[in-house]
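Notes to accompany the following structure.
The values are calculated or read from the model by the stated rules, or taken from the named source; none is laboratory data. A quick note: this is a predicted structure, and the numbers were derived from the prediction, not measured. Cβ atoms come from the backbone with ideal geometry, glycine included; neighbour counts cover every protein chain shown. To get the accessible areas, we keep the full protein, side chains included, count just its heavy atoms, and leave off ligands, DNA and RNA. Shrake-Rupley method; radii C 1.70, N 1.55, O 1.52, S 1.80 Å.
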Amino acid sequence: MSNNGFFDNYGGKYVAEVLRRPLDELEIAFNQAMKDKSFLDELEIIRRDYIGRETPLYFAPTATKLLGGAQIYIKLEGLANTGAHKINNAIGQCLLAKRMGKKRIIAETGAGQHGLATAAACAKLGLDCTIYMGEVDVRRQQPNVAAMELYGAKVHPVTSGSRTLKDAVNEAMRDWAANPDTTHYVLGSALGPAPFPDIVREFQSVIGREVKKQAAERGIKIGAMVACVGGGSNSIGFFEPFINEKEPRLIGAEAGGIGPNVGENASRMTGNAARDGILQGYKSRFLLDEDGQALPTRSISAGLDYCGIGPQLASLGRSGRVEFTSILDKEALAAVEFFAKNEGILFALESAHAGAAAIKLAREIPSDQAIIINMSGRGDKDVFITSPVFRPSEWLAFLHSEIERLKSAKDIHEAE
Ligand SMILES: *Cc1c(COP(=O)(O)O)cnc(C)c1O
């Protein structure tokens with residue numbers, strides 16, 4: 001839990017005056033809800049019957065044998081309904097909004113994963129849903145836009161600035177400031193102004209609590225836990241019950257992209273251009289230029305491609321409790337192949353950064369101990385990114401034939 005919104009000197013609430021009241025009201029409502037048995041019971045039932053919790057802790061026998069060190073376990077968070085951990089937070093915050101009497105939900109999304117989870121949660125709970133998404137991202141991420149619309153959400157393309165995630169956040173904040181009484185803003189990762197880092201961690205910590213219980217029941221001695229870090233929600237939720245203990249080692253895998261230079265990665269803790277700063281309402285580690293402007297980032301995994309990291313992780317990185325490592329695109333792709341071929345498990349590209357970090361770490365951890373990888377999501381969603389890499393000419397031929405098929409279908413339609 002933060003100290004008045006701060007994790008050491010990171011965090012805080014650096015927002016315009018108009019956002020102070022909605023943030024304060026949210027904090028009070030959240031603290032009350034977390035003590036309210038009927039709220040917690042309802043959340044528990046939705047987690048069980050809708051999300052599909054608890055998610056399995058899978059022992060990976062072939063990976064363990066091939067890597068020749070620690071026992072490899074995988075927390076299959078990707079089996080959660082909608083395919084990733086983001087639903088844990090989306091459901092929690094939407095239920096909280098309902099308790100606060102708000103009927104309208106807004107959210108920002110970059111790659112569309114958080115928008116998709118929020119749209120699904122709103123459909124499930126009967127809430128009106130608007131998703132802010134940069135116009136560039138809307139064009140790039142059509143499969144997720146289509147899914148959001150299927151769930152009944154309105155996707156609002158943002159045309160300001162670089163027309164990507166950063167601008168979508170600004171637009172969502174503006175909407176919230178104008179409509180605080182009717183609307184709740186579901187922030188998608190463990191960052192942003194207080195109290196969001198505490199709220200998102202709390203709703204994601206169900207992952208870590210399950211791991212702790214599952215490991216204890218099965219007598220698993222955990223040597224290390226590895227998670228990928230975008231904004232930091234799956235990692236902080238996975239680590240949460242272990243943070244105040246000396247063991248196990250907690251390791252965050254950032255996007256190393258294609259190399260160490262500015263614009264080639266999204267390494268906020270391990271990168272050259274990482275520095276302290278204040279952006280979008282909170283103080284943390286960011287990739288910034290000399291004037292404090294956000295630098296371009298790059299990663300093959302859309303979910304890790306962000307210039308900031310949650311303030312609690314920044315603080316835990318500084319104290320050394322959480323270690324950070326940087327994983328290249330090509331290492332993540334190799335990890336996708338490794339776990340698919342050897343375990344029949346398809347990692348999301350984001351989660352494959354954690355998988356790759358575990359592959360490197362395996363021999364450092366004794367064979368009577370476990371490395372637990374958080375597979376934050378499953379890889380079905382990545383077919384448009386992985387197929388052009390793994391089988392480029394076949395994929396191109398497929399896309400061509402799809403275009404031809406749809407064109408002729410359109411001709412038929414127009415002729416009618
Ligand atoms: C969004 C996303 C991430 C990165 O976000 P965090 O807040 O750092 O967890 C990681 N994995 C998947 C599957 C995602 O969709």
Under the 7 Å Cα-to-Cβ spin-label approximation, Asp49 and Asn4 lie apart by a distance in nanometres of 4.4
In nanometres, what is the gap between the two model label sites at Leu40 and Lys330, each 7 Å from Cα along Cα-to-Cβ? 5.0
Show me 88-98, 123-133 ranked by packing, highest mean number of other Cβ atoms within 10 Å first. 88-98, 123-133
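Assuming a ≥ b ≥ c are the square roots of the Cα gyration tensor eigenvalues, decide whether the range 293-367 counts as rounded (a/c under 1.5), prolate (otherwise, with a/b larger than b/c) or oblate.
The shape class here is oblate.
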Which ³J(HN,Hα) values, rounded to whole Hz and listed in residue order, are derived for the range 340-351 from phi using the Karplus coefficients 6.51, -1.76 and 1.60 in 6.51 cos²θ - 1.76 cosθ + 1.60 with θ = phi - 60°, glycine and proline given as x? 5, 6, 9, 10, x, 10, 9, 6, 4, 4, 4, 4
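Please give me, ordered by residue number, the GluC sites (Glu not before Pro) of the range 274-339 that lie in loop per DSSP and have at most 12 other Cβ atoms within 10 Å.
Glu290
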So in the chain, which Cys have no other cysteine's beta-carbon sitting under 4.7 angstrom from theirs? Cys94, Cys228, Cys307
Could you sort 228-237, 207-216 so that the peptide with the highest average Cβ count within 10 Å comes first and the rest follow in order? 228-237, 207-216
Contour minus Cα-Cα distance for Lys213 and Phe384 (0.36 nm per residue): 57.9 nm
Quote the convex hull volume per residue of the chain, based on C-alpha atoms, as a whole number of Å³. 150
Using the charge dipole of the range 327-416 (Lys, Arg: +1 at Cβ; Asp, Glu: -1 at Cβ; taken about the Cα centre), state which of Ala370, Ala348, Ile385 has its Cα farthest towards the positive end. Ala370
Skip the ligands, DNA and RNA, and give the accessible area per residue of the range 287-375 with a 1.4 Å probe, whole Å². 38
Using the basic label-point model (7 angstrom from Cα toward the beta carbon), what is the Gln142 to Thr182 distance in nanometres? 3.3
Roll a 1.4 Å probe over the protein heavy atoms and report the accessible area of Glu44 in Å², nearest 10. 100
Distance between the C-alpha centers of the range 249-316 and the range 98-126? Whole Å please. 26
